[in-house]
Structure formats: structure tokens, C-alpha cells
There are 2 protein chains.
Amino acid sequence: MRVSQRTEYGIRAMIALARDFDDVVSIKELAEREAIPEPFLEQIMADLRRAGLLKSTRGPYGGYRLKSAPDEITVGRVMEILEGTLSPARCASGCARQRGCSTRSVLDRIERSITETLDDIYLKDLIGDTVDE
Amino acid sequence: MRVSQRTEYGIRAMIALARDFDDVVSIKELAEREAIPEPFLEQIMADLRRAGLLKSTRGPYGGYRLKSAPDEITVGRVMEILEGTLSPARCASGCARQRGCSTRSVLDRIERSITETLDDIYLKDLIGDTVDE
DNA sequence: CTTATCCTTACTATTTTAGTCAGGTTTAAA
DNA sequence: TTTAAACCTGACTAAAATAGTAAGGATAAG
Ligand code: FES
Ligand code: FES
């Protein structure tokens, strides 16, 4: 049940952008600062942009910035995008046997508690911390 | 962040044994009933036994049974054994940068809420459900 | 003694994750 | 208007984790 490296990188990048909310930061810069492989980060940022969390500017002096303020973006949303879902279940949410499936009822409870926890943590709450890796 | 097949099988097997608390059930029987590959289940059961959740009897008419009553075993304990840990963090709990690591603080919060949730669910609470796969 | 069962270790195959690469598109600035 | 710095995309490869298999030994009932 570990979180993927991809997600971890994404969270770190988002926190870094939250700290630098007024600036546009390039992937190159961000990758260096956070010690993340540049082309890998590029993919991650593209996903976060497509999901509507970032806006990008192309060309020289271009880069990324948060689309909303750090106190409007939850870690839950970031993780949901990067992990695909926050549910630990192995079968789709519309599974026919869902009703009455013991394992599923347990996994659904886990999902609810994760969601509740993460929807309460905003990027803003994390920018005070000193290390991000 | 999905749970492994191994863990899912393990939970199902434990629930099945909870239903049949008075009997000794062989792996063969259990594997058939729950549609789990027999030699794979064998490994899983051995882990649960080594961790102290099951007791086994060898030889003909042998098999497994729960070591404690279904109202004394939590799903949290079962999952902890099968997953190794309930923490989604990628680095060990003694990581040097743990203090002040933003990502870690988020992952630790997730772990706490998962643990709280799962330590409240006993096998007993699940034996009423009709389907287990 | 034979057979059913657990027990252990080692192996293989499959799937997922992590990361790379190549080449295209946009845009600021010289 | 050319150049270069950035984003953008999709396909590819490598590594790691997971799922599952195989082989053979140990124990105990009948
Ligand atoms: S098998 Fe799909 S919900 Fe349990
Ligand atoms: S790097 Fe180990 S706790 Fe964050």
C-alpha cells in the first residue's frame, strides 16, 4: 500500500510551487531544487496541468505555477490525480459483487478515512516545513 | 496505493476461518471455497501462522484454525502482517530527514487514520456478509 | 507404512513503476 | 526573423514488485 514515487515527487513539486506562488518556475529549476529526474517530472507536471491544478507558460522564461492559491488546493486532490484514485480496492467501483463483499467494505472504509484526512490538508499547511524529500 | 492480491486473499481466508471457528479447515478446502490458488494460499497462511494469528495441525484431518476468537482479531492486525506495514511512506520510519519532511508528515497522517479505522474492525464484524471475493 | 496434510525454499512469469528518449510546438528576445 | 528556452506528447526501456509455481521435506492419523 505504498504511495508511488511519482506521487511523492508530485506532492513535493506542488509544495515547492506553493512556496513560490508568485513566480513562474521552470521544470528544469524545479527538478534541480527537488532532486527529481527532469523528464520524469515533466510528465508529472503535465498530468497536474491537464487535471487543472497548474497553468503553464511556454517559451523562454516560461514554466509552471499553481492555478489556485495554496490555501485552496488540498493534498487529497493532488494525490487523487497522481494515484488515479485514493481507493485501495482492486476492483472497479461498479463491481457487481460490491454489495455484500466483506473485503470491499473494509477497503471502502479505508478510502473514506484517507479521503477525510487528506481533504483537510492544504498546500498552505505544508509550506512551513523545511525539508521536502 | 492498492492493497495486494495477497492481502486480499489473506483477509478472505481469515474471514472464512472466523465463520468456521469451531473447525479445522485444510488449505485445500479453503482454497477451493474461496477460489484462491492453493500453493499461493499456503504461503499466506504460513505467514499468518508465524505471526501468531493461526494455529495449524499437520497430517490427515489437519489444517488451520484461528488462534483467537473472531471478536479478538482485528483486520488491522491481519493487514499489518500481510502488507508488512500499514504506512504508505516509502522510506523507513527511522529516516534521518523524517523531522520536517512535508511528504512524510502527510503520509504519517494517512497511516494514523488507516490504523484507527482498521483497529476497530474485527473479523466478527465481517462474518455476516454473504460474499467474500 | 501410507497418505494427507503442513512447511520451507527457491524459482519463474507477469504486471507495475520508474525513468528515458526523440521530436514537435510555442514564444520571448536578440 | 532567427534563435533558443521552455512546454508538450507519445513511445520506448529498465528495474522492481507482485503473483504464482514447483519440488521436496516433516509430521501425524489410520
Ligand atoms: S469482488 Fe468487487 S467488490 Fe468485492
Ligand atoms: S525523506 Fe525520509 S521521511 Fe521524508
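Values quoted throughout were computed directly from the atomic coordinates according to the rules given, and no laboratory measurement underlies them. For clarity, every value in this text was computed on a predicted model and none was experimentally measured. Glycine also receives a Cβ, built like all others from the backbone with ideal geometry; neighbour counts cover every protein chain displayed.
The table for this structure:
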| item | result |
| --- | --- |
| Residue check, B:ILE81 of a type outside the set (Asp, Glu) and in contact with an Asp or Glu (Cβ under 8 Å, 6 or more places away or on another chain) | yes |
| Verdict on A:ASP71 being on the phi < 0 side of the Ramachandran plot and surrounded by 15 or more Cβ atoms within 10 Å (Cβ to Cβ) | no |
| Residue satisfying condition, being exposed (fewer than 15 other Cβ atoms within 10 Å of the Cβ) and closer than 26 Å to A:GLU83 by Cβ, within set B:GLY84, B:GLY76, B:GLY59 | B:GLY84 |
| Options A:GLU42, A:GLU116: the member that is on the phi < 0 side of the Ramachandran plot, away from chain B (no Cβ under 14 Å) and not hydrophobic (A, V, I, L, M, F, W, C) | A:GLU42 |
| Cross-chain or 6+ apart pairs with Cβ under 7 Å, the range A:95-113 first and over 15 Å from B:THR115 (Cβ atoms), then assigned to a helix (DSSP H, G or I) and among the acidic types (Asp, Glu) | A:THR103/B:GLU8 |
| Sole residue being more than 23 Å from A:SER113 (Cα to Cα) and polar (S, T, N, Q), chosen from A:SER4, A:SER68 | A:SER68 |
| Counted residues, the range B:13-60 - those being hydrophobic (A, V, I, L, M, F, W, C) and within 16 Å of ligand 1 (Cβ to nearest atom) | 6 |
| Identity of the residue in the range B:42-59, among the small types (Gly, Ala, Ser) and within 13 Å of the chain's Cα centre (by Cα), that ends up nearest to DNA strand D (Cβ to nearest atom) | B:ALA46 |
| Residue count, the range B:65-94 (criterion: in contact with a Lys or Arg (Cβ under 7 Å, 6 or more places away or on another chain) and more than 17 Å from A:VAL106 (Cβ to Cβ)) | 4 |
| Criterion (closer than 20 Å to B:ILE27 by Cα and of a type in the set (D, E, K, R)) met by exactly one of B:ARG90, B:ARG58, B:ARG104 | B:ARG58 |
| Test: residue in the range B:74-96 that is within 12 Å of chain A (Cβ to nearest Cβ), of a type in the set (D, E, K, R) and either within 16 Å of ligand 2 (Cβ to nearest atom) or touching a Cys at 6+ places or on another chain (Cβ under 9 Å) (or both) | yes |
